[in-house]
1. Using DSSP to define loop residues, name the trypsin sites (Lys or Arg not before Pro) in region 139-228 whose beta-carbon has at most 11 other beta-carbon atoms within 10 Å.
2. Among LEU34, LEU209, LEU163, which one shows the biggest mean-square fluctuation in a GNM of the chain, springs joining Cα atoms closer than 10 Å?
3. Which percent of the accessible heavy-atom area of the chain goes to carbon and sulfur, probe 1.4 angstrom?
4. Could you list the chymotrypsin sites (Phe, Trp or Tyr not before Pro) in region 144-193 that lie in coil according to DSSP, counting only those with at most 11 other Cβ atoms within 10 Å of their Cβ?
5. Determine, at each q value in 0.11, 0.13, 0.14 (inverse angstroms), the log₁₀ of I(q)/I(0) that the Debye formula gives when each Cα of region 118-244 is one equal point scatterer.
6. What percentage of all Cα-Cα pairs in region 185-238 are separated by more than 16 Å?
7. Give the span of region 1-92's Cα atoms along each principal axis, as three whole-Å numbers ordered largest to smallest.
8. Over the chain, with a Gaussian network built from C-alpha contacts below 10 Å, which listed residue (ILE145, ILE121, ILE38) shows the highest mean-square fluctuation?
Amino acid sequence: MKAQLLTIIKTLTASFRDLLPIIVVIAFFQLVILRQPIPHFGQIIEGLVLVIIGLSLFVKGLEVALFPIGEDMAHAFARRGSLLWLLTFAFFLGFGTTIAEPALISVADKAAALAAKAGEIANTDAGRNSYAHGLRITVAISVGIAIVIGVLRILRGWPIHYLIIGGYLGVVIMTAFAPETIIGIAYDSGGVTTSTITVPLVTALGVGLASSIKGRNPMVDGFGLIAFASLTPMIFVMAYGMIV
């Protein structure tokens, strides 16, 4: 019991330490530069406590569940020796984690609202929901494909820089042809996909897979899946904008 309590206190302290820089920055600019009292101080303290607790629980959940299950499944698929099932799992892992990303849901809803306001889509609940849903599905499919490419890179030993350079050249070329209203959304989609749900599972998959394959170095080959997951949404969303 005492050991568990010490672990909880240690985790809460680590979370507070991680949040301390942003707390100091906000307090400094509010009190020293703006010279104004912090509004709703009680609510802010309450919210800060909830954030520390939530962050601590999230980090503990990663250590206890998400990282181990990702690595264990990668080892299991490597031992099974079925490329088809491994790639199928990689696709649906990328798709499933992305479609559930809160950041993507928020960006898609905001993009739909602004598109409706600009008259690009019907300003109705159905029109906005359809646009946001299509955007989320597009991004999720792109991340699924990205994870498949990343897994193939690990299996085949392809140099990551060639794939990344080629991908960003594609982004630059598509930027010249995509509608201006979709370019910013496409670029942001590449960032919001690599968030709280996707990153832990995808990283665990890459490291676990590289650790299971003879001749692969987890430090060299195990990382890089997140780079693909942030790259392909930009291409797919710009294509979505050109089509829709």
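1. Details: sites: ARG153, ARG156, LYS214, ARG216; in loops: LYS214, ARG216.
Passing both the DSSP loop test and the Cβ count: LYS214.
2. LEU34
3. Working: 9860 of 13950 Å².
Looking at the chain in its full context, I get 71 percent from C and S.
4. Values: sites: TYR162, TYR168, PHE177, TYR187; in loops: PHE177.
For chymotrypsin sites (Phe, Trp or Tyr not before Pro) across region 144-193 that sit outside H, G, I, E and B with at most 11 neighbouring Cβ atoms in 10 Å, the list reads PHE177.
5. Once normalised to I(0) and log-transformed, intensities are -0.43, -0.57, -0.64.
6. Values: 659 of 1431 pairs.
In whole percent, the long-distance tail amounts to 46.
7. 64, 37, 18
8. Highest fluctuation of the listed residues: ILE38.
The values are calculated or read from the model by the stated rules, or taken from the named source; none is laboratory data. The shown structure was predicted, so the numbers you read here are calculated from the model rather than taken from an experiment. So basically every Cβ, Gly included, is an ideal-geometry build from the backbone, and we count neighbours across all protein chains shown. Just so you know, the surface numbers come from the protein's heavy atoms only, side chains and all, with ligands and any DNA or RNA stripped out. Shrake-Rupley method; radii C 1.70, N 1.55, O 1.52, S 1.80 Å.
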